[in-house]
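Following: one structure in structure tokens, then a few remarks.
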Amino acid sequence: MFIDDQETFENSVYATVHGFMPYFWIPAPPGFTQAHCAVFRRELDKEVLIAQGKKEFEEHVLEVTIENKQSIMGFSTTQIPFLRITMCSPRLVPVARNILQQGQVHLPGFSTEFQTYESDIPFILRSSFSHLLPAAPAADVMEM
């Protein structure tokens, strides 16, 4: 990703941001633990490969982790477990989202249809939010 801007004094600012991977969230099913993450990642990765029809990357789903987060939906202050699903390419986020929403990942003992969160945010915005980059002209470039 590249950041390019021009300050008020006509100085050009250009920065390359790398190492950021696209991700989105789903609520963790009841009873889902860290031990289930690897199996879930493999099953989702297999379904993404089938949907793509070709093996473009070694792994499409890079990581699945559990984090306690608060949803603004329903105005609850309670934190609940969410799965953070990290993909290898921004192009694969909609593919994985559709697979999860259609219930194509099968794990014994767990529901298969998932509501996704933040899966429709463009990659450029997602990386800006995650690194707290301001959306103002001549953003201060900081070490991330």
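The values are calculated or read from the model by the stated rules, or taken from the named source; none is laboratory data. Remember, predicted model here, so these are calculated numbers, not experimental data. All Cβ positions, even for glycine, are placed from backbone atoms using ideal geometry, and neighbour counts span all protein chains on display.
Within the set of pairs 6+ apart or on separate chains, which have a first residue in segment 10-37 that is farther than 20 Å from His60 by Cβ, a second that is at pLDDT below 70 and among the hydroxyl-bearing types (Ser, Thr, Tyr), and C-beta atoms under 8 Å apart?
The qualifying pairs are Val17/Ser127.
Check Arg42, Arg97 and return the single one that is under 16 Å from Pro22 (Cβ atoms) and either touching a Phe, Trp or Tyr at 6+ places or on another chain (Cβ under 9 Å) or at pLDDT 90 or above (or both). Step through it out loud before you land on a result.
Values: Arg42 fails: under 16 Å from Pro22 (Cβ atoms).
After applying the criteria, what remains is Arg97.
Taking Ser71 and the conditions (1) at pLDDT 95 or above; (2) out of contact with any Lys or Arg (no Cβ under 8 Å at 6 or more places or on another chain), which numbered condition does it fall short on, given that it satisfies the others?
Going through (1) at pLDDT 95 or above; (2) out of contact with any Lys or Arg (no Cβ under 8 Å at 6 or more places or on another chain) one by one, Ser71 breaks only (1).
Kindly check whether there is at least one residue in segment 52-67 that is polar (S, T, N, Q), at pLDDT below 95 and surrounded by 14 or more Cβ atoms within 10 Å (Cβ to Cβ). Steps first, answer last, please.
Step one: of segment 52-67, the residues polar (S, T, N, Q) are 52, 65.
Those left that are additionally at pLDDT below 95: 52.
After this cut, where a residue has to be surrounded by 14 or more Cβ atoms within 10 Å (Cβ to Cβ) as well, the list is 52.
Checking segment 52-67: at least one residue is polar (S, T, N, Q), at pLDDT below 95 and surrounded by 14 or more Cβ atoms within 10 Å (Cβ to Cβ).
List pairs: first residue in segment 104-116 and free of Cβ contacts under 8 Å to residues at least 24 places away in the same chain and of a type outside the set (Gly, Ala, Ser), second residue assigned to a loop (DSSP other than H, G, I, E, B) and exposed (fewer than 11 other Cβ atoms within 10 Å of the Cβ) anywhere in the structure, Cβ distance under 8 angstrom, at least six positions apart or on different chains.
Thr112/His106
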